[in-house]
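All remarks here apply to the structure that follows.
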Amino acid sequence: MPSNRSAVAQVTLGLERLLSDRLDLVRGARVGLVCNQATVDHGLRHAADLLHAHSGIRLTTLFGPQHGIRGDVQDNMVETAHATDGQTGLPVYSLYSETREPTEAMLRDVDVMVVDLQDVGCRIYTFVYTMANCMRAARRLGKRVVVCDRPNPIAGKAVEGNVLEPAFASFVGQYPIPTRHGMTSGELARLFNSAFGIGCELEVLAMEGWTRASWMDETDAPWVMPSPNMPTLDAATVFPGTVHLEGTQMSEGRGTTRPFELVGAPYIDAEEYGRRLNAFDLPGVYFRPTVFQPTFQKHAGRSCGGVQIHVTDRERFRPVKAGVAIVKTAYDMYTDQFRWKEPPYEYVFDKNPFDVIAGTSTLREAIEKGLSLDEIERSWQAGLEAFGRAREAHLLY
């Protein structure tokens, strides 16, 4: 994917600011760290190891989101057990277990929670809701929260997709924000805390050197895959669109070396499907017909016809519209074979999984009714305008 980048921006991460000049936020306090394998500094050193070794920090407890604190759980929607961290010897409480919110017992030895998780710029990603759940627990139990900010890897300018409806709130979408929100995790923390009423004692450590127009590869910030099926910036770029396939029986490319970039199903004719998608003439993307065979998850061991999404101009590319086109075209071409995924999905048992992902039933209903891609896109605009006004007050960059 062409990046068209000039000089690489030098970015100081929130974690690095905490360790260099904001120790006052944790000095004398018992610290609980919410982290995963992507919680590293520029030297790729894990935050748990850094805080544990620091003479001025009393790290007592670790909290892990989906996939664990060091990224050991590959599969999606598989809970992680509580454990003891092999590197630091500290207790690790899983927040993707029988609970998604820290309990009073888990926070017994914690005065301040430091949250440092790499988001990917899409509403449909659990880490920012783990952050929100920690903020709620902190408010309830009188703890403080420090969020160490990191770049939005797909930049922080474009905003796209429908705004979630509260009736469809879940662990992959707790608040009324659009599919591609154009914010960092620190900015989202401010939005959740103020606009959506969490009201905890919050401090966000902003980065230095990051700008809204910066993609991850236009900075020197380290990339460690934030979840096992988010291996590259290319995957993150298309994810706000192709994540919708998790709500269908089509493969979103899990079990291949290009998750979220390869999409398809056994019944799809790759050449005709690619031709139909390219006929939309969507900006900044080419749908290359291909056949692939997932090694695990949907259609494991079976040949799937479909496309690989090649982003040719990421500034013009609109991933959510492209993702809707992918689902709509498969539905239109193969109505008799296409299937929506059956519940449950991410702890929701009473709603269509596609609706849970989309944050609305309107998108699925529009596809089933045969509405045009442009009609669907136009339906998002009022919500995006309202979100834009709420978003503005919480931006840091």
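Here are the numbers for the structure shown:
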{"quantity": "Residue, surrounded by the most Cβ atoms within 10 Å (Cβ to Cβ), within region 254-282, restricted to residues that are charged (D, E, K, R) and more than 26 Å from Val78 (Cβ to Cβ)", "calculated": "Arg276"}
{"quantity": "Check on Pro240, in contact with an Asp or Glu (Cβ under 8 Å, 6 or more places away or on another chain), in a helix (DSSP H, G or I) and at pLDDT 95 or above", "calculated": "yes"}
{"quantity": "Test for Leu50: is it surrounded by 14 or more Cβ atoms within 10 Å (Cβ to Cβ) and farther than 30 Å from Asp220 by Cα", "calculated": "no"}
{"quantity": "Matching option when the condition is farther than 12 Å from Val238 by Cα, modelled with pLDDT of 95 or more and within 26 Å of the chain's Cα centre (by Cα), among Tyr331, Tyr267", "calculated": "Tyr331"}
{"quantity": "Restricting region 78-96 to residues that are open to solvent by less than 70 Å² (accessible area, probe 1.4 Å) and under 27 Å from Pro353 (Cβ atoms), the residue that is modelled with the lowest pLDDT", "calculated": "Val78"}
{"quantity": "Residue, most open to solvent (accessible area, probe 1.4 Å), within region 1-27, restricted to residues that are out of contact with any Phe, Trp or Tyr (no Cβ under 8 Å at 6 or more places or on another chain), small (Gly, Ala, Ser) and at pLDDT 95 or above", "calculated": "Ser20"}
{"quantity": "Looking only at region 223-253, and only at residues there that are touching a residue at least 24 places away in the same chain (Cβ under 8 Å), open to solvent by 20 Å² or more (accessible area, probe 1.4 Å) and not acidic (Asp, Glu), the one that is farthest from Asp21 (Cα to Cα)", "calculated": "Gln249"}
{"quantity": "Condition broken by Asp350, with the remaining ones in (1) within 21 Å of Glu165 (Cα to Cα); (2) touching a residue at least 60 places away in the same chain (Cβ under 8 Å); (3) not hydrophobic (A, V, I, L, M, F, W, C) satisfied", "calculated": "(2)"}
{"quantity": "Entirely in region 329-397, the helices (runs of 4 or more DSSP H) that have 3 or more residues that are crowded, with 18+ Cβ neighbours inside 10 Å", "calculated": "353-358, 362-369, 381-392"}
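The values are calculated or read from the model by the stated rules, or taken from the named source; none is laboratory data. Everything numeric in this text was worked out from a predicted model, so none of it was measured. Ideal geometry is used to build each Cβ from the backbone, glycine not excepted, and the neighbour counts take in all protein chains shown. To get the accessible areas, we keep the full protein, side chains included, count just its heavy atoms, and leave off ligands, DNA and RNA. Shrake-Rupley method; radii C 1.70, N 1.55, O 1.52, S 1.80 Å.
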